[in-house]
2 protein chains.
Amino acid sequence: MRAVTVQDGDLVVEERPDPAPGAGEILVRVRAAGVNGADILQRKGGYPAPPGSPPDIPGLELAGEVIARGPGAERFAEGDRVMAIVGGGGQAQLAVVHERGASPVPEGLDWPEAGGLPEVFTTAHDALFTQAGLKAGERLLVHGGAGGVGTAAIQLGRAAGARVTATVRNDALRGAVSELGARVVAPEGFVEHGPFDVVLELVGAPNLPDDVKALATGGRVAVIGVGAGFKAELNLVALMGKRGRIHGSTLRARPLEEKAAAARLVERHVLPLFDAGAVRVPVAETFALDDAAAAYERFTAGGKLGKIVLLP
Amino acid sequence: MRAVTVQDGDLVVEERPDPAPGAGEILVRVRAAGVNGADILQRKGGYPAPPGSPPDIPGLELAGEVIARGPGAERFAEGDRVMAIVGGGGQAQLAVVHERGASPVPEGLDWPEAGGLPEVFTTAHDALFTQAGLKAGERLLVHGGAGGVGTAAIQLGRAAGARVTATVRNDALRGAVSELGARVVAPEGFVEHGPFDVVLELVGAPNLPDDVKALATGGRVAVIGVGAGFKAELNLVALMGKRGRIHGSTLRARPLEEKAAAARLVERHVLPLFDAGAVRVPVAETFALDDAAAAYERFTAGGKLGKIVLLP
């Protein structure tokens, strides 16, 4: 199979041995694989794949058809359209996935949408609801509202009855983000648009002091992205005064059982929203697998709405 | 009535007009009133009383007998032994308390114990269970284990089936803290005794980086004291890797309905532990109301086990 590989910080697309599914696993012919911030970090050497995942093939999410099943795998049949979060190895023509980590692709979704769905919608759902406990009627602030996780979070928050505000750096994208269901504000001075019950922090440490200032009493900050830095200043008296909480989380390092539990939650609480037309996957641009380097450049450049997706 | 008052940073015990109970309130002849860190802060001008509380009479907790009831107050009868958290005004011969914020004093408790119970046991219970969700079998670290909140938290954690470790600065108190149910360790190098599922932070910002390092996956830090400083450094990547949470909280600023809810929880989940002999209120020393200044000095000096209590 052909696969994107990281070699001394360079992306090289080359032939690799086909993987074989083990017990409980399925072999997927990858049709689409989203690019995520973690891939960029991994390429720089800062975010190694967890044990059990291909160490040098990036890619945390994929969608495709089941073409073989390992011993005991019975959730899906050959030919089924599936999508999944993986610890790595998604950006290749073939990938092995534990069947409990995979979900069926909703009927209305094409391959680029399905390949760009799992990571960002699972991340956003986990952060907003499992961690921060977002409730109907609450005020949600999404930092980086035009990105993959941002667009997912805005739509999920709105579908759950929250009042959503999003910061968007690129003025050209404000209209599109607004159409997803958010009041759009500039990243500077967001505190004055608060208070917020939940803040989804996708940017990083520089925002944290103002995130705490912008919290309502009992508010929660969910930190899931630190591209702009990770060493934050935290005023404990301010946090105590707000009776606030700060959550940190990543999906990638979780054991199979937790990833499977997250996938079940997405199947129950998110995929029906796709069937109902309440949410969608904005795909900014697609690239052939061989053009992975260009896709990563496009991702890093920013100023896009939604996902960059590779099509192996 | 005589009352402790704060005048330009000095404590002056002097005559004040007797307060009168309003609708739903009870008038309590105060028999005992604990001294807390918040009183020390308030004396320094750093922690003003919330609206509706006496602005210049400190004292966040009290125990005594009901001697009069305002219109509609019917939870208690005159002569009942009650204890309560108040927004201020506890350190006086008389205090007015909303009946929903008051609880009956367990039979086996004397006045100093009852007067030193509400603030620290409510604070510890709220932080450990309502906020941090401490569960049986989990590992709890209590910083400042010899203090009022610390001794309450150790006992509550142990009674709930947690495995409790406590840091104690004063070597002379290690044995007594150990008898409350904790493994006692030195404040330096506590990380090596982890990991911990819940860390109760009573000291402040200097501990926070190591608190995060000492967390188990899914661990929670509950910050309720910042005597050693409030400007903390927070490594967001470390927090994300632990999938950790940091809670901040205070009781004092909460509205009546939340204080009342906390009081009900204490009545249901804590007071029965006193009846069963599973927890107690360690009282380090008592002082007459007129000796409030000496009591505050004793509190600030540290090196005590449990509470300093004024006896009006």
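Here are a few things to note about the model shown:
- Test: residue in region B:34-44 that is assigned by TED's automatic domain parsing to the domain that holds residue B:299, buried (at least 24 other Cβ atoms within 10 Å of the Cβ) and more than 30 Å from residue B:209 (Cβ to Cβ): yes
- Filtered residue count, region A:222-248, keeping only those that are in contact with a helix residue (DSSP H, G or I) (Cβ under 7 Å, 6 or more places away or on another chain) and either more than 9 Å from every other protein chain (Cβ to nearest Cβ) or small (Gly, Ala, Ser) (or both): 9
- Looking across region B:183-224, the residues that are touching a Lys or Arg at 6+ places or on another chain (Cβ under 9 Å) and not aliphatic (A, V, I, L, M) come down to B:183, B:187, B:193, B:194, B:195, B:196, B:197, B:213, B:217, B:218, B:219, B:220.
- Qualifying position, being modelled with pLDDT of 95 or more, touching a Gly at 6+ places or on another chain (Cβ under 6 Å) and farther than 19 Å from residue A:247 by Cβ, among A:114, A:95: A:95
- Selection status of residue B:305, under 17 Å from the mean Cα position of the chain (by Cα) and farther than 17 Å from residue B:41 by Cβ: yes
- The set of residues in region A:232-282 being of a type in the set (A, V, I, L, M, F, W, C), under 15 Å from residue A:153 (Cα atoms) and crowded, with 17+ Cβ neighbours inside 10 Å consists of A:266, A:270, A:271, A:273, A:274, A:279, A:281.
- So residue A:270, is it within 20 Å of residue A:98 (Cβ to Cβ), of a type in the set (Val, Ile, Thr) and out of contact with any Gly (no Cβ under 7 Å at 6 or more places or on another chain): yes
- Residue, farthest from residue B:167 (Cα to Cα), within region B:256-302, restricted to residues that are more than 17 Å from the chain's Cα centre (by Cα) and assigned to a loop (DSSP other than H, G, I, E, B): B:276
- Positions within region A:211-221 being hydrophobic (A, V, I, L, M, F, W, C) and either within 8 Å of chain B (Cβ to nearest Cβ) or part of a strand (DSSP E or B) (or both), in sequence order: A:215, A:216, A:221
- Qualifying residue in region B:21-33 (condition: more than 16 Å from the chain's Cα centre (by Cα) and on the phi > 0 side of the Ramachandran plot): yes
- Yes/no for residue A:199 being at pLDDT 95 or above and either under 25 Å from residue B:231 (Cβ atoms) or not in a helix (DSSP H, G or I) (or both): yes
- Yes/no for residue B:62 being under 17 Å from residue B:118 (Cβ atoms), crowded, with 18+ Cβ neighbours inside 10 Å and not basic (Lys, Arg): yes
The values are calculated or read from the model by the stated rules, or taken from the named source; none is laboratory data. Just so we're clear, the structure is a prediction, and the values are computed from it rather than from any experiment. Neighbour counts run over all protein chains shown; Cβ positions are idealised from the backbone, glycine included.
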